[in-house]
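Before any comments, here is the structure.
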Amino acid sequence: MATSQRMLRFVSVDKQMPDKRKAASRIADFQEIYAEFETARATEQAGRCSQCGVPFCQVHCPLHNNIPDWLMLTAQGRVEEAYEVAASTNTFPEICGRICPQDRLCEGNCVIEKGFESVTIGTVEKYVTDQAFQNGWVKPIKPPRELKKSIGIIGAGPGGLAAAAQLRRKGYRVHVDDRHDRVGGLMIYGIPNFKLEKPVVERRTRWLIEGGIEFTLDVEIGRDITLAELRRRHDAVLIATGVYKARDIQAPGVGLGGIVPALDYLIASNRVGLGDKVAAYDDGTLDAAAKHVVVIGGGDTAMDCVRTAVRQGAKSVKCLYRRDRQNMPGSQREVFHAEEEGVEFVWLAQPEAFLGDSRVKGVRAQRVHLGMPDATGRQVPQVIGDSHFTVEADLAITALGFDPEDLPVLFGEPKLDVTKWGTVKINHRTMETSLPGVYAAGDIVRGASLVVWAIRDGRDAAASIHRTLSQPQSASLKLAS
Ligand code: FAD
Ligand code: SF4
Ligand code: SF4
């Protein structure tokens, strides 16, 4: 079949995702909810792309992936080449294919969306990369030559790992430190298995180690090693520590037992899935089984909590959010999945107090309507007088977002400039912080964001570090100290 006949098939071929498991079956385990694309369906779906001259999908992908090219190669059955193209701009295409909110990024901007529905870009990206792993096309990084310079990276999340891979490709010695006992950051301990199975992340960790990247785990910079010491050891340092301080909720009764922060809850669930012993799960503190669960918040973290609680066997799961469905920050696709799995959303509701003696028994809330937009353009929730109601809760999970830790204090580096929100200030052209030779990437710069943006930042930081260190007179930190 000629290329033109293979493509542009959106008129004759309907959009089809890989088979999705029925809600009743998927809530019985923590496995991913979509099956693998079969080759014939992947080829057919890739062929729906109309090969736009100005591909808006690519413009709206944070990595500017060359989407039309890999779709065409997949449609032609040239999957290994499709993988090469996908991997040239994305360090972890199989991960983005699984967990990017495509409805807000590439697919949401596909021009054939109106009436014909977008091309299933994410699932094709996942398909070609999973195929590449299965067929042995993913080779360990092999630098053309070994350089004498070394880079220290703080944080083994997607930002740090993407930078590590790019720098290793150039031949630098790369050493990554992380305070957790596994590599992956929030990809391993935040995001649940049913969105991203852990063997997918572990496979990448092995790939990074085989490529010569060194890791030290269970080490916290600021506590076990100072930033100053890291700067002495390396020619450049990258801070990619993410944001972890849970935003508090101010309400009477907030100190009662049974009210837990979202990330504590999700980390425990992920650890149990990985086979770890977790005391706070075993004693029931972080286990939703047989409980009435209320999750407060409307972002992706809240969606992960409600869907985890369903899988743990909660009696009921409600999500309380102060805005409506259209104005929530979380992905609509995730809300849809949660509803299918039996989660009840209570929109336009704001918690007022936690009820109970020593343990929470309920959450009292008030109805809200959306008023005039504020300076950011978002409509401000306004409480409707005398609209109180109570929802039963044995476990209340707060998912109100995350702030950065106080890094200048933690690192003992008052000269590390931060913004008023506590995120690290960088020169956006070079990704360098106020400390010479120290760069930053990912959530610690942007605030809580997405894996794909952390990858983009990590790659940009690596390029900038390489540009600086490859200059003949580069003032490396080791030489300067
Ligand atoms: P992180 O992934 O947070 O990694 C930072 C690493 O630094 C961690 O391993 C941490 O242990 C380590 N660290 C921190 N401080 C120190 C220190 N002092 N010393 C040593 N190590 C340190 N994004 C999506 O795209 N799709 C999703 O579906 C999605 N779901 C999410 C669900 C949840 C529950 C959460 C919390 C986030 C989700 N995100 C999602 C967001 C995404 O996970 C983050 O944007 C991304 O992981 C940020 O990458 P990062 O490398 O900047 O930081
Ligand atoms: Fe879409 Fe994310 Fe892949 Fe970019 S990286 S093409 S936004 S799924
Ligand atoms: Fe293909 Fe849609 Fe991208 Fe156009 S916008 S190139 S149709 S995927």
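The values are calculated or read from the model by the stated rules, or taken from the named source; none is laboratory data. This one's a predicted model, so the numbers in the text were calculated from it and none came from an experiment. Quick reminder, even Gly has a Cβ in these numbers, built from the backbone with ideal geometry, and neighbours come from all protein chains shown. These area figures cover heavy atoms from the full protein model, side chains too; ligands, DNA and RNA do not enter into them. Shrake-Rupley method; radii C 1.70, N 1.55, O 1.52, S 1.80 Å.
Restricting segment 92-106 to residues that are of a type outside the set (A, V, I, L, M, F, W, C) and open to solvent by 20 Å² or more (accessible area, probe 1.4 Å) leaves a set whose member that is nearest to ligand 1 (Cβ to nearest atom) is R98. For segment 53-64, filtered to residues that are under 19 Å from T123 (Cβ atoms) and part of a loop (DSSP other than H, G, I, E, B), the residue that is nearest to ligand 1 (Cβ to nearest atom) is P62.
Yes/no matrix, rows are residues, columns are (1) assigned to a strand (DSSP E or B); (2) open to solvent by 60 Å² or more (accessible area, probe 1.4 Å):
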residue: G298; (1), (2): no, no
residue: T301; (1), (2): no, no
residue: D304; (1), (2): no, no
residue: R307; (1), (2): no, no
residue: C319; (1), (2): yes, no
residue: G330; (1), (2): no, no
residue: V363; (1), (2): yes, no
residue: H369; (1), (2): yes, yes
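In this structure, is G211 small (G, A, S) and more than 16 Å from ligand 2 (Cβ to nearest atom)? Considered against the rule, which asks whether it is small (G, A, S) and more than 16 Å from ligand 2 (Cβ to nearest atom), G211 comes out as yes. Give the number of residues within segment 52-73 that are more than 6 Å from ligand 3 (Cβ to nearest atom) and open to solvent by 30 Å² or more (accessible area, probe 1.4 Å). Summing the residues that are more than 6 Å from ligand 3 (Cβ to nearest atom) and open to solvent by 30 Å² or more (accessible area, probe 1.4 Å) in segment 52-73 gives 9.
The single residue among T376, T390 that is polar (S, T, N, Q) and either touching a residue at least 12 places away in the same chain (Cβ under 8 Å) or within 16 Å of ligand 3 (Cβ to nearest atom) (or both) turns out to be T390.
Set side by side, the residues G53, G97 differ, and just one is small (G, A, S) and more than 26 Å from A164 (Cβ to Cβ), which is G53.
Mind checking which helices (runs of 4 or more DSSP H) fall wholly inside segment 76-132 and carry at least 1 residues that are within 15 Å of P62 (Cα to Cα) and within 13 Å of ligand 2 (Cβ to nearest atom)?
Values: elements: 79-89, 93-99, 113-116.
In segment 76-132, the matching helices (runs of 4 or more DSSP H) lie at 79-89, 93-99.
V119 meets the stated requirement of being open to solvent by less than 10 Å² (accessible area, probe 1.4 Å), in contact (Cβ under 8 Å) with a residue 40 or more places away in the chain and closer than 30 Å to M7 by Cα. Which residues, counting only those in segment 159-209, are surrounded by fewer than 23 Cβ atoms within 10 Å (Cβ to Cβ), hydrophobic (A, V, I, L, M, F, W, C) and free of Cβ contacts under 8 Å to residues at least 40 places away in the same chain? Result: I209, single match.
Take T89 and tell me if it is of a type in the set (V, I, T), buried (at least 24 other Cβ atoms within 10 Å of the Cβ) and out of contact with any Asp or Glu (no Cβ under 6 Å at 6 or more places or on another chain).
Values: of a type in the set (V, I, T): yes; buried (at least 24 other Cβ atoms within 10 Å of the Cβ): no; out of contact with any Asp or Glu (no Cβ under 6 Å at 6 or more places or on another chain): yes.
For T89, the condition - of a type in the set (V, I, T), buried (at least 24 other Cβ atoms within 10 Å of the Cβ) and out of contact with any Asp or Glu (no Cβ under 6 Å at 6 or more places or on another chain) - is not met.
Output the residue which, of all residues in segment 74-97 that are under 12 Å from V128 (Cα atoms) and touching a Leu at 6+ places or on another chain (Cβ under 6 Å), is farthest from ligand 3 (Cβ to nearest atom). Among those residues, the one meeting the criterion is E81. Tell me whether segment 396-412 contains one or more residues that are under 25 Å from I95 (Cβ atoms), in contact (Cβ under 8 Å) with a residue 24 or more places away in the chain and among the aromatic types (F, W, Y). Taking every residue of segment 396-412 in turn, at least one turns out to be under 25 Å from I95 (Cβ atoms), in contact (Cβ under 8 Å) with a residue 24 or more places away in the chain and among the aromatic types (F, W, Y).
If you check R9 against the conditions, is it more than 28 Å from L450 (Cα to Cα) and not in a loop (DSSP other than H, G, I, E, B)?
Details: more than 28 Å from L450 (Cα to Cα): yes; not in a loop (DSSP other than H, G, I, E, B): no.
Criteria not met by R9.
Being in contact with a Phe, Trp or Tyr (Cβ under 7 Å, 6 or more places away or on another chain), outside the structural domain of K195 (by TED's automatic domain parsing) and within 30 Å of G185 (Cα to Cα) narrows it down to one residue among E107, E32, E94; which is it? Let's see the steps before the verdict.
Values: E107 fails: in contact with a Phe, Trp or Tyr (Cβ under 7 Å, 6 or more places away or on another chain); E94 fails: in contact with a Phe, Trp or Tyr (Cβ under 7 Å, 6 or more places away or on another chain).
From the options E107, E32, E94, the qualifying one is E32.
Does segment 267-275 include one or more residues that are over 30 Å from N427 (Cα atoms), open to solvent by 30 Å² or more (accessible area, probe 1.4 Å) and in a loop (DSSP other than H, G, I, E, B)?
Within segment 267-275, the subset over 30 Å from N427 (Cα atoms) is 267-275.
Still in the running and open to solvent by 30 Å² or more (accessible area, probe 1.4 Å): 267, 271-275.
With in a loop (DSSP other than H, G, I, E, B) added as a condition, the list becomes 274-275.
Checked against the condition, which is being over 30 Å from N427 (Cα atoms), open to solvent by 30 Å² or more (accessible area, probe 1.4 Å) and in a loop (DSSP other than H, G, I, E, B), segment 267-275 yields at least one hit.
When V383 is tested against (1) of a type in the set (V, I, T); (2) within 25 Å of G255 (Cα to Cα); (3) surrounded by 21 or more Cβ atoms within 10 Å (Cβ to Cβ), just one condition goes unmet, and that condition is (3).
Condition (residue is aromatic (F, W, Y), assigned to a loop (DSSP other than H, G, I, E, B) and either in the same structural domain as E80 (by TED's automatic domain parsing) or farther than 30 Å from L469 by Cα (or both)) applied to segment 169-182: is it met by at least one residue? First the steps, then the outcome.
Just the residues of segment 169-182 that are aromatic (F, W, Y), to begin with: 172.
Pick out the ones that are also assigned to a loop (DSSP other than H, G, I, E, B) and you get 172.
This time we only want the ones that are either in the same structural domain as E80 (by TED's automatic domain parsing) or farther than 30 Å from L469 by Cα (or both), so: none.
No, there is no match, as no residue in segment 169-182 is aromatic (F, W, Y), assigned to a loop (DSSP other than H, G, I, E, B) and either in the same structural domain as E80 (by TED's automatic domain parsing) or farther than 30 Å from L469 by Cα (or both).
Select from segment 184-200 the residues that are among the aliphatic types (A, V, I, L, M) and either touching a Cys at 6+ places or on another chain (Cβ under 6 Å) or within 20 Å of E214 (Cα to Cα) (or both) and list them in ascending order. Those that are among the aliphatic types (A, V, I, L, M) and either touching a Cys at 6+ places or on another chain (Cβ under 6 Å) or within 20 Å of E214 (Cα to Cα) (or both): L186, M187, I188, V200. The residues in segment 277-296 that are open to solvent by less than 50 Å² (accessible area, probe 1.4 Å) and either assigned to a loop (DSSP other than H, G, I, E, B) or closer than 22 Å to G330 by Cβ (or both) can be counted, and the count is 12.
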